[in-house]
1. Quickly run through the range 30-53 and pick out the residues that are open to solvent by less than 60 Å² (accessible area, probe 1.4 Å) and touching a helix residue (DSSP H, G or I) at 6+ places or on another chain (Cβ under 9 Å).
2. Regarding the range 263-271, can at least one residue be identified that is crowded, with 21+ Cβ neighbours inside 10 Å, over 26 Å from residue 84 (Cα atoms), over 25 Å from the mean Cα position of the chain (by Cα) and of a type in the set (Gly, Ala, Ser)?
3. Just the residues that are open to solvent by 10 Å² or more (accessible area, probe 1.4 Å) and under 18 Å from residue 255 (Cβ atoms), please, taken from the range 150-179.
4. Taking residue 1 as meeting all but one of (1) of a type in the set (A, V, I, L, M); (2) at pLDDT below 90; (3) over 25 Å from residue 143 (Cβ atoms); (4) open to solvent by less than 70 Å² (accessible area, probe 1.4 Å), write down the number of the exception.
5. So for the range 135-149 (the condition being at pLDDT 95 or above, under 19 Å from residue 287 (Cβ atoms), buried (at least 21 other Cβ atoms within 10 Å of the Cβ) and not acidic (Asp, Glu)), does at least one residue qualify?
6. Does residue 215 satisfy the criteria of being open to solvent by 20 Å² or more (accessible area, probe 1.4 Å), of a type in the set (Lys, Arg) and not in a loop (DSSP other than H, G, I, E, B)?
7. Please work out which residue is surrounded by the fewest Cβ atoms within 10 Å (Cβ to Cβ), limiting yourself to the range 274-295 and to residues that are aliphatic (A, V, I, L, M) and either free of Cβ contacts under 8 Å to residues at least 12 places away in the same chain or farther than 21 Å from residue 236 by Cβ (or both).
8. Just to check your reading of the model, which residue among 224, 247, 185, 232 is over 20 Å from the mean Cα position of the chain (by Cα), part of a loop (DSSP other than H, G, I, E, B) and within 23 Å of residue 146 (Cα to Cα)?
Amino acid sequence: MSPRPPALLLVPREASGSRLDRFLADALGVSRSEAQRWIAAGHVTVNAAVRTASAHVREGERVACDPITRATTTALPEEGVEFAVLYVDDDVIVVNKPPGLVVHPARGNERGTLVNGLLALGLFRAPEEGDERPGIVHRLDKGTSGVMVVARTPEAREKLKVQFQAHSIERAYRALVVGEAAEATHDTLYGRHPRDRMRFTTRVRSGKRAVTHVRVLDRLPGATHVECTLQTGRTHQIRVHLAESGTPVLGDPVYGKPPKDAPLRAVGERLGHQALHARVLGFLHPTSGRLVRFEVEPPADFGEAMQALIDPEGV
């Protein structure tokens, strides 16, 4: 990627009052996250003074920018990564992620991820936009299956990120939980666990708001089949809300524990991951603005687990 030359911009009347990051992104044709990266690194000044990304610019101010060259993605194309492409156009890719597949490279999972597979298919129009996670605007945990949207361009990525941050995305999940779940809305504070920083909890004195709506679909022996609709989308949110309400997701290795009931425990062990599936995803298309909605049924192992709970003798 060739380096961008330094830029000196004069704020016009029509841009007065804009956020600095938004003004810079629009003026230079880069993503907002890229502009924020330059600002955070001290490579952007307004009238020779460093300001924050959220600062508002005024007509006549001089914005100087010395862009930081971003390296191309560190992820490598890798054939043989299994997932289904549900939809693709010039801006987005919608996929059905199977359980067990990691979304992007990270420590301990450098290869064999969804990103590696998408790179092998040549589906990123601008792979240099991200480092190890180009196009990723949201994630599903390794053990969670279901529908995801991935951006093909930096512009689509920024527009999708705005929707996720505004919690305007439609997201509904199916889960098998241990015990008798109740229909409820969990509206809590949410943050990292004070003792285990890899986990999250609602038992915090301060944090972000997290809201999950739970609807009962089926009562099963020792378990419940539920639908969870996200109003917010915090990391592990559904898993934490269900676990801390006394009905952890079956097979959850982090927030659950082996059920005391032997047949139920055997079903979870055969499943090998949390029984959680992202079934519905709806959003405004980043270019056309029209509402698009995708539904995908749970994978075979989810159905087999459910059938084993209904008829243990038939397994």
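The values are calculated or read from the model by the stated rules, or taken from the named source; none is laboratory data. Everything quoted here is computed from the prediction, not taken from an experiment. Cβ: placed from backbone, ideal geometry, glycine included. Neighbour counts: every protein chain shown. Quick note on the areas: whole protein, heavy atoms, side chains included, nothing else; ligands and nucleic acids left out. Shrake-Rupley method; radii C 1.70, N 1.55, O 1.52, S 1.80 Å.
1. 30, 31, 32, 33, 34, 35, 38, 39, 44, 46, 53
2. Scanning the range 263-271, I find no residue that is crowded, with 21+ Cβ neighbours inside 10 Å, over 26 Å from residue 84 (Cα atoms), over 25 Å from the mean Cα position of the chain (by Cα) and of a type in the set (Gly, Ala, Ser), so the answer is no.
3. 173, 174, 178, 179, listed by residue number.
4. Every listed condition holds for residue 1 apart from (4).
5. yes
6. On the way: open to solvent by 20 Å² or more (accessible area, probe 1.4 Å): yes; of a type in the set (Lys, Arg): yes; not in a loop (DSSP other than H, G, I, E, B): yes.
Here the answer is yes, as residue 215 does meet what is asked.
7. The selected residue is 291.
8. Details: 224 fails: part of a loop (DSSP other than H, G, I, E, B); 185 fails: part of a loop (DSSP other than H, G, I, E, B); 232 fails: over 20 Å from the mean Cα position of the chain (by Cα).
One residue alone meets the criteria, 247.
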